[in-house]
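Report on one structure; see the data block that follows.
The values are calculated or read from the model by the stated rules, or taken from the named source; none is laboratory data. These numbers were taken from a predicted model, which means no experiment stands behind them. Methodologically, a virtual Cβ is constructed for each residue, glycine included, from the backbone with ideal geometry; neighbour enumeration extends over all protein chains shown.
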Amino acid sequence: MKIRKLSAISSTNDYLKELYAKKDLDDFTVISTDYQTSGKGQGVNKWTSKKGKNLLFSVLVKNKSLEISNIPFLNFSISVAIYQVLKQYLSQVEIKWPNDIMAGNKKICGVLIENVIRKSVVNHSIIGIGLNVNQISFPENLPNASSLSILLSKEIDLDLLLKELIFSIQKQISILEEKQFSILKNTYEEVLYKKGTPSMFKSKRGKIFMGKIIGVSDAGLLQIELENGIITEFANKEVKLHTS
Ligand code: BTN
């Protein structure tokens with residue numbers, strides 16, 4: 001594995017994407033930075049992080065012959081890889097669909113995967129990971145954010161943690177390459193946040209309803225059992241857990 005560390009950069013995802021468009025790079029090339037000036041979150045969100053306190057990195061995963069329909073299993077593999085490392089540090093870690101990592105009710109890690117498709121298969125993927133490690137205060141507009149350091153009351157070695165995460169990602173990607181999709185999905189579902197717990201949800205149209213997460217489909221849709229017993233599937237952004 002090759003890790004390139006930069007002190008500041010716009011976004012590790014954009015940097016790695018642009019670098020790979022210009023020259024060939026090894027599989028699992030990693031770009032890591034202390035600070036991003038335009039860190040990207042899911043959708044229109046930004047990802048902010050205090051300089052030098054957290055892990056901000058992107059991993060290149062290339063030529064895995066992954067069909068477009070199997071992209072959800074790539075998402076599962078990355079969430080599971082991060083989960084398995086963080087489980088060594090924290091007693092309570094879960095994956096919140098589609099790929100947030102939660103410690104209790106606090107988000108400690110976000111994932112942004114960008115896939116480049118060629119001839120109907122995934123040519124390569126840029127796996128962007130923002131993990132809150134040693135930051136001990138967060139802006140007021142992020143009341144649900146936390147970090148390893150807050151939860152463990154100690155400083156964590158960033159370089160060691162980065163290596164552990166990359167090894168774990170390599171391991172899960174090899175399971176993906178072997179097309180052992182059910183192993184990835186089962187592990188993901190075992191640690192799915194709020195699975196089996198009656199919860200309140202809010203639909204894209206603003207409708208609040210009760211239901212229970214029962215799992216995810218092979219297409220990566222969230223399966224919620226409604227109060228009338230009907231199981232409904234939702235795509236990303238169609239529904240979210242309603243907390244207040
Ligand atoms: C989310 O909204 O939960 C996804 C956050 C992903 C943030 C990481 S930080 C490293 C990489 N570079 C980016 O610009 N974003 C991802």
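Data for the structure
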| read-out | value |
| --- | --- |
| Residue in segment 153-160 that is closer than 21 Å to Asn132 by Cβ and surrounded by 15 or more Cβ atoms within 10 Å (Cβ to Cβ) present | yes |
| Which numbered condition Ser32 fails, given (1) more than 10 Å from the ligand (Cβ to nearest atom); (2) more than 15 Å from the chain's Cα centre (by Cα); (3) not in a helix (DSSP H, G or I) | (1) |
| Residues being of a type in the set (Ser, Thr, Tyr) and more than 8 Å from the ligand (Cβ to nearest atom) - total across segment 35-55 | 3 |
| Scope segment 209-240; condition modelled with pLDDT of 95 or more, at positive phi and out of contact with any strand residue (DSSP E or B) (no Cβ under 6 Å at 6 or more places or on another chain); matching residues | Gly220, Gly229 |
| Candidates Lys62, Lys22, filtered to the one that is away from the ligand (no atom under 15 Å from the Cβ), surrounded by 15 or more Cβ atoms within 10 Å (Cβ to Cβ) and over 29 Å from Ser137 (Cα atoms) | Lys62 |
| Neighbours by Cβ (under 6 Å, 6+ apart or cross-chain): first from segment 116-138, over 16 Å from Ile101 (Cβ atoms); second of a type in the set (A, V, I, L, M, F, W, C) and assigned to a strand (DSSP E or B) | Val122/Leu66; Asn123/Val116; His124/Val116; Ser125/Val61; Ser125/Ile113 |
| Selection count where residues are under 15 Å from Asp100 (Cβ atoms) and either in a loop (DSSP other than H, G, I, E, B) or of a type in the set (Phe, Trp, Tyr) (or both), scope segment 190-239 | 6 |
| Tally of residues being surrounded by 14 or more Cβ atoms within 10 Å (Cβ to Cβ) and within 16 Å of the ligand (Cβ to nearest atom) across segment 116-130 | 7 |
| Residue match in segment 131-147 (condition: part of a strand (DSSP E or B) and within 16 Å of the ligand (Cβ to nearest atom)) | yes |
